[in-house]
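Participant: Encoded as C-alpha cells, here's the structure I'll be asking about.
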Amino acid sequence: MAKPSIAFTCTECGTAHKKWAGRCDSCGAWNSIIEEAPLSQGPGRGLGAAKGRAVPLSGLSTKDAPPPRGHSGLAELDRVLGGGLVPGSAVLVGGDPGIGKSTLLLQAAAAFARGGQNAIYISGEEASAQVRMRAQRLGLADAPVRLGAETNLRDILTTLDQERPDLAIIDSVQTLWSDTVEAAPGSVAQVRAAAHELVTFAKRRGVAVILVGHVTKDGQIAGPRVVEHMVDTVLYFEGERGHQFRILRSVKNRFGPADEIGVFEMTGGGLAEVANPSALFLSERGQPSPGSAVFAGIEGTRPVLTEVQALVAPSTLASPRRTVVGLDSGRVSTILAVLEARCGIPFAGLDVFLNVAGGMRVQEPAADLAIAAALLSAREDNALPAEAVLFGEISLSGALRPVAQAENRLKEAQKLGFSQAILPDGQKIEGAGGMTRRQIADLTGFVGEIFGAG
Ligand code: TYD
Ligand code: MG
C-alpha cells in the first residue's frame, strides 16, 4: 500500500496538512499542528475494490409528523435548541473550561429526567461521587438521572445500547478513548472517532446525544471544532469569567434557527435562567455618561439591548492601543477609519478601549452606529441622550444602511423605557409608534445632529 501522504493534523479545526507548520493556514491557529498517524485504510477498502449495494432512494414528501421534541424545562436551553431537543439528534456544547458546561448539562439532565425522560449522564472527567456532590449542592439529588463515570467508548456504547435512554450526555468528548484508534485520548483521531461513533449511535437508535467539548488553548488536545461538522447542532457556552452572565449560543442548528441565544446567570445554586436579558445587560447603567451608547440588537429571534462603552485617552505609545472586548476588532478598526476619512475626526495618538457591558458579545453589523456613537461620545466627552437607542450599519463611504427587524428593536427599546431611536434614514418602519425617531443619512450628519459640529 502506498505510504499515506497526510501525517499532520490541526488540533483546532482538524485540517490535514502534508507537513508541519507553525500556523494552520486553514483556521489561522498557531502551534496547533501535530504529527498524527492517519487512520489506516484496510486492504480492499478502496473504491471499486468491492461491489457496493444499491442505496434505496425516495422522494421528498412525507406523511410522517415531525417527531415530538423533548422539552428540558429550561426554557432558555429549549429556545437555543430551536424549540426542544430532537430525538436522535447529536448536539455539541463547546466552551472554555470552567465556564459552566457540566453545571448546565447536569441541570438539563435533571430537568429532562424530572419531565419523565430517561436521561443518562456519563462523566469522563469527574468521579460519580463528585457529580453527586454537585447535584446535591444544586438541589438536584432527587432527579432520576442515571450517572456513570467512564471513558472507554466501547463500554459507553454498550451501556447506551442496553439502556436505550432518551438522552445521553457525554462530558467530555475529549476524555473518551477507543481501543480501535492508536492515539492518545484528546487527540484529533480519538475525538473524531468517538464523536463519529456516538453520532452514528444517536441516529441509529433515536437517542439524543449531547457531547461536551472544551475549547482548548493547548495544541495537543483537539478542540470542539474538529467535530462541529459531524453533529446536528453546535452550541457554545460563553461569558467572561469575572461576570456572572453566561450566554448559550447556537452557531449551527439543523433543527432551528442559528444565532439564537439563551442567557443564564451563574449563582451559588447553579445556573439561573434570565428571561429578560435586556433589563439585565442595562441594569448597571446609572446616569448618562460620555462613551456609553445603547445598541438595540437582535440575537437570533430575540431583540436584546446592550450597552457599548468606549474610553478614549491620550496615548504615550507609538502605535496607540485598540482594546476591544465583546465586539469584532476588525469592525471597530473599519469604523475608526471611516470616522477619520469621512468625518475628519482623527483617533491617531489616542488609546481606544471598547467594551460591551455584562460580558455580552455583539457580532451584528447593525451595531456599527452604536460603536461609532460611543467612540465619538467618549472622544468629545459628551454624553448621548439617555433616552436613546441606536442601530444601523455603516458603509465605507460613511453612509448609514438600514438593518433587519427594525420594528422588533424599537418595540424592545420602548418596553424598556427608551423613548428615542437614532437610526438610518433609509430604514422603512411599519408600526411600532410611540418612539421619537431621528433618521440620519450618514455619519457626518450624525456628528452634526448629535454633537452639533460638522
Ligand atoms: P463547570 O460546570 O464545572 O464548568 P465546565 O464543565 O465548563 O468546565 O463550572 C465550574 C464553575 O462554575 C466553577 O468555577 C464554579 C462555578 N459554579 C458556581 O458558581 N455555582 C455553582 O452552583 C456551580 C455548580 C458551579
Ligand atoms: Mg466540566
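Participant: Lysines near Lys415 by alpha-carbon distance under 25 Å, same-chain residues fewer than 8 away left out - which ones?
Facilitator: Candidates past the 8-residue exclusion: Lys428.
Participant: Equivalent-ellipsoid semi-axes (√(5λ), Cα gyration tensor) for the chain, whole Å, largest first? Display every interim value, and only then the final one.
Facilitator: On the way: eigenvalues 397, 147, 95 Å².
For the chain, the ellipsoid semi-axes come out as 45, 27, 22 Å.
Participant: Would you be so kind as to identify which of Asn408, Ser395, Ser377 lies farthest towards the positive end of the dipole of segment 280-414, taking Lys and Arg as +1 and Asp and Glu as -1 on Cβ and the Cα centre as origin?
Facilitator: Ser395
Participant: On to the next question. Classify segment 75-275: rounded, prolate or oblate, from the alpha-carbon gyration tensor (a ≥ b ≥ c, eigenvalue square roots; a/c under 1.5 rounded; otherwise prolate if a/b is larger than b/c)? Before the final figure, lay out each step's value.
Facilitator: Working: a/c = 1.31, a/b = 1.20, b/c = 1.09.
Rounded, since a/c falls under 1.5.
Participant: In terms of Cα to Cα distance under 30 Å, which lysines are near enough to Lys63, apart from those fewer than 8 places away along the same chain?
Facilitator: Counting by Cα, and skipping residues close in sequence, Lys63 has these lysines nearby: Lys203, Lys252.
Participant: Among all cysteines in the chain, which have no other cysteine Cβ under 4.7 Å from their own Cβ?
Facilitator: Cys343, each lacking another Cys Cβ under 4.7 Å.
Participant: Give me the lysines in straight-line cross-link reach of Lys18: C-alpha distance below 26 Å, same-chain residues under 8 apart excluded.
Facilitator: Lys3, Lys217
Participant: Is the shape of segment 244-295 rounded, prolate or oblate, going by the alpha carbon gyration tensor and its root eigenvalues a ≥ b ≥ c, with a/c under 1.5 for rounded and a/b larger than b/c for prolate?
Facilitator: Numbers: a/c = 3.32, a/b = 1.49, b/c = 2.23.
Note, shape of segment 244-295 comes out oblate.
Participant: For the chain, with only Lys/Arg (+1) and Asp/Glu (-1) charged at the beta-carbon, what is the dipole magnitude about the Cα centre, in debye rounded to 20? Numbers along the way, then the final one.
Facilitator: On the way: 44 positive and 47 negative charges, 217 e Å.
I would put it at about 1040 debye.
Participant: Is segment 255-391 best put as rounded, prolate or oblate by its Cα gyration tensor, with a ≥ b ≥ c the root eigenvalues, rounded for a/c under 1.5, and otherwise prolate when a/b is larger than b/c, oblate when not?
Facilitator: Cα axes put segment 255-391 in the prolate bin.
Participant: Would you kindly work out the equivalent ellipsoid of segment 54-103 from its C-alpha gyration tensor and give its semi-axes, the square roots of five times the eigenvalues, largest first in whole Å? Let's see the in-between values first.
Facilitator: Working: eigenvalues 197, 53, 11 Å².
Its equivalent ellipsoid spans semi-axes of 31, 16, 8 Å.
The numbers here are math on the coordinates, done by the rules we state, and not lab data. Here the structure is a predicted model, which is why all the values come from computation and not from measurement. Because the Cβ atoms are built from the backbone with ideal geometry, glycine has one as well, and the counts that use them run over all protein chains shown.
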